[in-house]
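Written out below as structure tokens is the structure these notes cover.
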Amino acid sequence: MGIDMILFFVIAIVVVIMLVVFFRFFPIGLWISAAASGVHISIFSMVGMRFRRINPSKVVLPMIKATKAGLKVNMNELEAHLLAGGSVDRVVDALIAAQSAQIPLEFEQSRAIDLAGRNVLEAVKMSVNPKVIETPVVAAIAKDGIELRAKARVTVRANISRLVGGAGEETIIARVGEGIVTTVGSSESHKAVLENPDLISRTVLNKGLDAGTAYEILSIDIADVDVGRNVGAQLQMDQAEADRRIAQAKAEERRAMAVAHEQEMIAAVQEMRAKVVEAEAEVPKAMAEALRNGKLGVMDYYQMQNVISDTNMREAIAGKGDVAKPADPQKK
């Protein structure tokens, strides 16, 4: 009795394992759902997907949606798109949405858009419901030197035919910013732009900014325009300050050169005075030597002293200096 019970449990476990393996590789429930929806696919095809490491539900369920929507898609194409790393469910949803909105969209085109990394379903929705892109604040300077800060709202619609290889929102924002800068910069006065903000919109739209992008620009609306700095006046002030500093530096240079020249003159005068004093110190010695050698007489000496005294008196009367004392020939 004990052996029979053990054998029964072993058989039951084996049966359960076989059932689990069977239902793991044979998705009977999914096959029944597909057959009930009119999708004719054999159970062995689903088993083959298992061996190719594909979840059958990711292919069969989108196939059921496409069939119910009246789309003609191929099971092998869906499986190939899934193996390529795409989203089969998103591609089928995009095809259904495009069909409902009467937008021409083929499976190959939708598949290429999805594999390119773009959300094809969002693109179809944007074709039906345009998107508004708000640009950051763009600063531009008019010819009169006044800065204007503008913000724009760009209404775009996805262009399905240019989604593959077309530029994105960043390019649209950059081009609109460039158009704002060009328009404001070419205006003679900032007041003209403030009075007619639509001047920016017309100029930007005429440039064809949506060329080469994945979007079609429907309208450009200037949301806000503010007056910024007076850049022209600021530049003039900076230039004047720079000129003042340059002039001040040149004046300091001239003053330094004048001081240096004055110092050189003073040094030269002092050197000359030293030489004069040195020469005057030699005069008494020469006179004493002349007296000893008899080359100079006493009367000649006193006559010279009288001349010197007369000269000193005349200079004192004229206010040029004090009367100099006669030199003593006896001092050496």
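Couple of notes before you dig in:
- Shown here: the range 67-130, whose C-alpha atoms stretch 32, 26, 15 Å along the first, second and third principal axes, sorted largest to smallest.
- Cross-link pairs exceeding 26 Å in C-alpha to C-alpha distance, out of Lys143/Lys207; Lys65/Lys125; Lys72/Lys125; Lys65/Lys131, comprise Lys65/Lys131.
- Proximal charge balance of Ser189 [Cβ under 14 Å; K/R count +1, D/E count -1]: -2
- The range 132-201: radius of gyration over Cα atoms, expressed as a fraction of 2.2 N^0.38 Å: 1.27
- Accessible surface for the chain, divided over its residues, is 64 Å² per residue with a 1.4 Å probe.
- Averaging Cα coordinates gives a centre for the range 169-195 and one for the range 218-263; these two points are 28 Å apart.
- Spin-label model, Asn159 to Asn129: label points 7 Å out along the Cα-to-beta-carbon direction sit 2.4 nm apart.
- Sulfur and carbon atoms: percent of accessible area, the chain [1.4 Å]: 58 percent
- Enclosing the Cα atoms of the chain in their convex hull gives a volume equal to 445 cubic angstrom per residue.
- Multiplying each eigenvalue of the alpha-carbon gyration tensor of the range 81-192 by 5 and taking the square root yields semi-axes of 40, 13, 10 Å, largest first, rounded to whole angstroms.
The values are calculated or read from the model by the stated rules, or taken from the named source; none is laboratory data. On a predicted model such as this, the values are computed, not experimentally measured, just so you know. Methodologically, a virtual Cβ is constructed for each residue, glycine included, from the backbone with ideal geometry; neighbour enumeration extends over all protein chains shown. Just the protein is used for accessible areas: all its heavy atoms, side chains included, with ligands, DNA and RNA removed. Shrake-Rupley method; radii C 1.70, N 1.55, O 1.52, S 1.80 Å.
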